[in-house]
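Enquirer: Sharing a structure here in structure tokens format.
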Amino acid sequence: MDTGGNSLPSGPDGVKRKVSYFYDPEVGNYYYGQGHPMKPHRIRMTHALLAHYGLLQHMQVLKPFPARDRDLCRFHADDYVAFLRGITPETQQDQLRQLKRFNVGEDCPVFDGLYSFCQTYAGGSVGGAVKLNHCLCDIAINWAGGLHHAKKCEASGFCYVNDIVLAILELLKQHERVLYVDIDIHHGDGVEEAFYTTDRVMTVSFHKFGDYFPGTGDIRDIGYGKGKYYSLNVPLDDGIDDESYHFLFKPIIGKVMEVFRPGAVVLQCGADSLSGDRLGCFNLSIKGHAECVRYMRSFNVPLLLLGGGGYTIRNVARCWCFETGVALGVEVDDKMPQHEYYEYFGPDYTLHVAPSNMENKNSRQLLEEIRGKLLDYLSKLQHAPSVQFQERPPDTELPEADEDQDDGVERWDPDSDMDVDDERKPLPSRVKKEVVEA
């Protein structure tokens, strides 16, 4: 059934949404190494659920065009990108100084196909931004993206390339103001740092704060210079539940939308804020997490949905499948269909999992103080800034292949700055397959 990517009406707004979904079938093969909590295989599990729930037929399914060196260098330092391109598990012993300099080796290991992995997940996020800029969809989704810790010239927290910053830079070609919202349990430090001194990007991060990676994200960190009050941080404690989370999320984001009036929104949907995450300590249900997506969707502003953290991979796949349904406005049945990863979801084989009975350390008094302080910051921004439009870089042409079409797709426009790199040698594909055990 071809719906042309149009979603069904849902919620009080009842407006159809056209959704573009980016997925590369290779992405699940990349392997950070034995015992490492980050598992790209979760993206493949999510895709399998979407296929068997019948959600793919409601969307335009696109294979991302890999980001090239020059695309990555719009944010990252040239020497860092060159290092990522050249490093392999075999050569890393000869480059110990470089590994240390770029913070690669422990949390961010060198693995087979590392650079291709970065190109793939960044290509999906930038491709989504391009689709939104060309008004070819209302919502773009890249569950492989959302790697929010990467810095201009170093890797951090399992993240090598900051696809979010690259996507926001793309959106800024078309929109005066872009809002970034981060619901991962970890602070979105790389994105905040990149836009800390500008009033064209507002960043809002909801995260665990206090003796927790990456250690940044204090409520008093609000931006600098022209960017003062354009970075907001919502520091939370262990065990936060759906009700407490939305006591903050909805009034704060509602006020942000009113005073900042973004032309586009990027929502990082890190699933390590769910109850029962291997590395997390929050107590959100999948419905509570997805309520953030539903709320952002209700504003009818171009929306880019990205992945992020999430280390209990069966729950990550559940969450992003359900959130894809929310984006589309399609009801998703709790009973899970039979599919190749069905055994991961036992013994219940349901989409939703009950939150635990852990203690919520976020008292009502603390939540009211946080809410009051952030609404006070926002009152200092009573109207959207008037941005002087500079001459902007040329548009990025649509780079991705539509999986629905077998005919050849035109790649980059030769007149754009995103034309194909002729001098770039194709990288040999040597991807270590992850051995999957249910």
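The values are calculated or read from the model by the stated rules, or taken from the named source; none is laboratory data. The structure presented is a predicted model; accordingly, all values stated were derived computationally and were not measured. Positions of Cβ are backbone-derived with ideal geometry, glycine not excepted, and every protein chain shown enters the neighbour counts. Note: areas computed on protein heavy atoms with side chains; ligands, DNA, RNA excluded. Shrake-Rupley method; radii C 1.70, N 1.55, O 1.52, S 1.80 Å.
Enquirer: Do any chymotrypsin sites (Phe, Trp or Tyr not before Pro) in segment 150-232 lie in a loop, going by DSSP, with at most 13 other beta-carbon atoms within 10 Å of their beta carbon, and if so which? Could the numbers behind the result be given before it?
Expert: Numbers: sites: 158, 160, 180, 195, 196, 206, 209, 212, 224, 229, 230; in loops: 158, 160, 195, 196, 209, 212, 224, 229, 230.
Here the sparse-neighbourhood loop sites are 224.
Enquirer: Explain nothing, just compute: Karplus ³J(HN,Hα) = 6.51 cos²θ - 1.76 cosθ + 1.60, θ = phi - 60°, for every residue of segment 280-292 in order, whole Hz, x for Gly and Pro.
Expert: Computed from phi, the couplings for segment 280-292 are x, 9, 9, 9, 7, 7, 5, 5, x, 5, 5, 4, 5 Hz.
Enquirer: On the protein heavy atoms, probe 1.4 angstrom, tell me the percent of accessible surface of segment 253-292 carried by carbon and sulfur.
Expert: On the way: 420 of 940 Å².
That fraction is 45 percent.
Enquirer: Tell me the carbon and sulfur percent of the accessible area for segment 45-172, rounded to whole percent, probe radius 1.4 Å.
Expert: Numbers: 1960 of 4010 Å².
On segment 45-172, the fraction of accessible area on carbon and sulfur atoms equals 49 percent.
Enquirer: Under a 1.4 Å probe, what is the accessible area of segment 298-371 per residue, stated in Å²? Show your work: numbers first, answer last.
Expert: On the way: 3390 Å² over 74 residues.
For segment 298-371, the solvent-accessible area averages 46 Å² per residue.
Enquirer: Can you bin segment 70-224 into rounded, prolate or oblate? Criterion: square roots of the alpha carbon gyration tensor eigenvalues sorted a ≥ b ≥ c, rounded for a/c under 1.5, prolate for a/b above b/c, oblate for the rest. Don't jump to the answer; show the numbers that get you there.
Expert: Working: a/c = 1.95, a/b = 1.28, b/c = 1.53.
Oblate shape, in that a/c is at least 1.5 and b/c is the bigger or equal ratio.
Enquirer: Would you mind classifying segment 32-116 by shape? Square roots of the alpha carbon gyration tensor eigenvalues, ordered a ≥ b ≥ c; an a/c under 1.5 is rounded, otherwise it is prolate if a/b is larger than b/c and oblate if not. Let's see the in-between values first.
Expert: Numbers: a/c = 3.40, a/b = 1.73, b/c = 1.96.
It is oblate, given that a/c is not under 1.5 and a/b is not larger than b/c.
Enquirer: Sticking with this one: Run the numbers on segment 276-354 and let me know its relative contact order in percent, using alpha-carbon pairs under 8 Å that are six or more apart.
Expert: Values: 58 pairs, mean separation 28.0, N = 79.
Averaging sequence separation for qualifying contacts and normalising by length gives 35 percent for segment 276-354.
Enquirer: Oh, and also: Express in Å², to the nearest 10, the accessible area of residue 198 obtained by rolling a 1.4 Å probe over the protein heavy atoms while all chains stay in place.
Expert: 40
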